[in-house]
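S.K.: Handing you a structure now.
The values are calculated or read from the model by the stated rules, or taken from the named source; none is laboratory data. Treat the numbers as computed from the prediction; the structure is a model and nothing was measured. When we count neighbours, we look across all protein chains shown, and the Cβ atoms used for this are built from the backbone with ideal geometry, even at glycine.
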Amino acid sequence: MRIFYYVGSLLAVFSLSHCGRDTSATNIDDHAIPEPTMLKLGVNVNGFALNSAPLQENISYTISMEQCASGLTGIASNSTPYLQAYLLDRGCLAKLMSIQFRNLTWTVSPKQGFSTYKAGEKATFIANNDGITQLQVTVVSQLNDTITSADTVSYSFIEKQPGNDSVVTNFKISVKTSVFGQISPSFLLRKGDLIGISPTGAARFSFLFECDVPIMMDGKTPYCHDNRLDQTRYLLIKDPLDHQLTFDEVNFLFTNGTGMLSVTIPDDFIPAAAPYPNGGFITKQGSASLLGPDRLNQTPNLILIVGNLGSFQLFKIKLDLY
């Protein structure tokens, strides 16, 4: 009787010789049983402003893969936007843990979190645990219960109105105008968008103004009537509601108010062309956009002051949020 014993990657096989017959040992190497296939599965997180336009700001995130039957775990981020998972693994969930943008870190609200993390489920994320500014986060796509090579993970979010569970995607801007001064600005408010909310609950706006007569050019300097556009400034304040503002009050608010912005040429200039044949200007965009008072849901009545060399045009704005 002979005994063969193989170590390492070879399977030990015993061969017995009996009655002159010899059975040879059979060698089986590692490749007879393949290792599990490791996949790289893409992930992404997309943010949208209140008007459904994609956010232009930098967004960072952390997504954790948990609960896999294999015991495998993983972390994805904007710098490593993928999760590694075994093909055919079961029960894995990719959980969005945090979002970072506007110098804030947003995490899931303890009272309005995810329960299943399945596609279509929504949750509320808050910054600094204060609950003032909120994000509504939606699971767009999730890992399948059995992992396939086609699996992807995607989340999206949109800002929520502070103090209200509904997302501000529908609103109206009602405008009444008045003028003060000798050579007051003379613009038509053609477009207004609520494009975001600050960490203190202030609304971010974008407004587009068209001159009520064709813009005149003096070299590269545009004029609306006798007012140079590059000398035009604007400010958004809370409407006092209890009385009509006087010239002195407007002048004081415009001189001492915070958040004043100026028209920059050529960046903010709208040349005369359809759909604004007279030309005009658009207010600052992105993180430099026009901010209203804090607590949007408590200050829906606003006054937008457009000023030029001591003369003013007022736009009374009422936000009907629904």
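S.K.: Picking from T258, T246, T299, T283, which residue would you name as being touching a strand residue (DSSP E or B) at 6+ places or on another chain (Cβ under 6 Å), among the polar types (S, T, N, Q) and farther than 18 Å from D230 by Cα?
M.R.: On the way: T258 fails: touching a strand residue (DSSP E or B) at 6+ places or on another chain (Cβ under 6 Å); T246 fails: touching a strand residue (DSSP E or B) at 6+ places or on another chain (Cβ under 6 Å); T283 fails: farther than 18 Å from D230 by Cα.
Unique residue meeting the criteria: T299.
S.K.: Just for segment 174-213: of the residues that are modelled with pLDDT of 70 or more and basic (K, R), which one is surrounded by the fewest Cβ atoms within 10 Å (Cβ to Cβ)?
M.R.: Checked segment 174-213; the qualifying residue surrounded by the fewest Cβ atoms within 10 Å (Cβ to Cβ) is K191.
S.K.: Moving on. Kindly list, by first and then second residue, each pair from a residue in segment 268-290 that is within 21 Å of I305 (Cβ to Cβ) to a residue that is at pLDDT 90 or above and in a loop (DSSP other than H, G, I, E, B), limited to pairs with Cβ atoms under 6 Å and residues at least 6 apart or on different chains.
M.R.: Final answer for the pair search is I270/G279; F281/V263; F281/D268; I282/D268; L290/T283.
S.K.: If you take the residues in segment 236-265 that are among the β-branched types (V, I, T) and at pLDDT 90 or above, which one is surrounded by the fewest Cβ atoms within 10 Å (Cβ to Cβ)? Walk me through it before giving the result.
M.R.: Just the residues of segment 236-265 that are among the β-branched types (V, I, T), to begin with: 237, 246, 250, 255, 258, 263-265.
From what's left, at pLDDT 90 or above: 263-265.
Numbers: V263: 23, T264: 12, I265: 16.
Only one residue tops the list, namely T264.
S.K.: Pull up segment 298-313, narrow it to residues that are buried (at least 18 other Cβ atoms within 10 Å of the Cβ) and in contact with a helix residue (DSSP H, G or I) (Cβ under 7 Å, 6 or more places away or on another chain), then point me to the one that is farthest from G219 (Cα to Cα). Can you show your working first?
M.R.: Going residue by residue through segment 298-313, those that are buried (at least 18 other Cβ atoms within 10 Å of the Cβ) are 302-308, 311-313.
Still in the list and also in contact with a helix residue (DSSP H, G or I) (Cβ under 7 Å, 6 or more places away or on another chain): 305, 307-308, 312.
Working: I305: 28, G307: 23, N308: 20, F312: 25 Å.
It comes out as I305.
S.K.: Run T146 past the list (1) surrounded by 14 or more Cβ atoms within 10 Å (Cβ to Cβ); (2) in contact with a Leu (Cβ under 9 Å, 6 or more places away or on another chain) and report the number of the one that doesn't hold.
M.R.: For T146, the failing item is (1).
S.K.: Kindly indicate the residue of segment 266-284 that is more than 29 Å from the chain's Cα centre (by Cα) and aliphatic (A, V, I, L, M) and also surrounded by the most Cβ atoms within 10 Å (Cβ to Cβ) among those meeting that condition.
M.R.: Here the answer is A272.
S.K.: Could you please find all residues in segment 221-275 being under 22 Å from R295 (Cα atoms) and basic (K, R)?
M.R.: K238
S.K.: Also, I was wondering about something else. Quick one: which residue in R228, R295, R233 is among the charged types (D, E, K, R), surrounded by 12 or more Cβ atoms within 10 Å (Cβ to Cβ) and touching a helix residue (DSSP H, G or I) at 6+ places or on another chain (Cβ under 9 Å)?
M.R.: On the way: R228 fails: touching a helix residue (DSSP H, G or I) at 6+ places or on another chain (Cβ under 9 Å); R295 fails: touching a helix residue (DSSP H, G or I) at 6+ places or on another chain (Cβ under 9 Å).
When all the criteria are applied, what remains is R233.
S.K.: Just one of the numbered conditions (1) outside any strand (DSSP E or B); (2) touching a Gly at 6+ places or on another chain (Cβ under 7 Å); (3) of a type in the set (A, V, I, L, M) is not true of A123; which one?
M.R.: Exception for A123: condition (1).
S.K.: Which count do you get for residues in segment 76-104 that are surrounded by fewer than 16 Cβ atoms within 10 Å (Cβ to Cβ) and without any contact (Cβ under 8 Å) to a residue 24 or more places away in the chain?
M.R.: Matching residues across segment 76-104 total 3.
S.K.: Here's a follow-up. Can you go through A85, A94, A123 and tell me which one is aliphatic (A, V, I, L, M) and over 19 Å from P36 (Cβ atoms)? Explain how you work it out, then say what you get.
M.R.: Details: A85 fails: over 19 Å from P36 (Cβ atoms); A94 fails: over 19 Å from P36 (Cβ atoms).
Criteria check complete, one pass: A123.
S.K.: Residues of segment 286-317 being modelled with pLDDT under 85, within 25 Å of the chain's Cα centre (by Cα) and either basic (K, R) or part of a loop (DSSP other than H, G, I, E, B) (or both), which ones?
M.R.: Residues satisfying the conditions are G292, P293, D294, R295, T299, P300.
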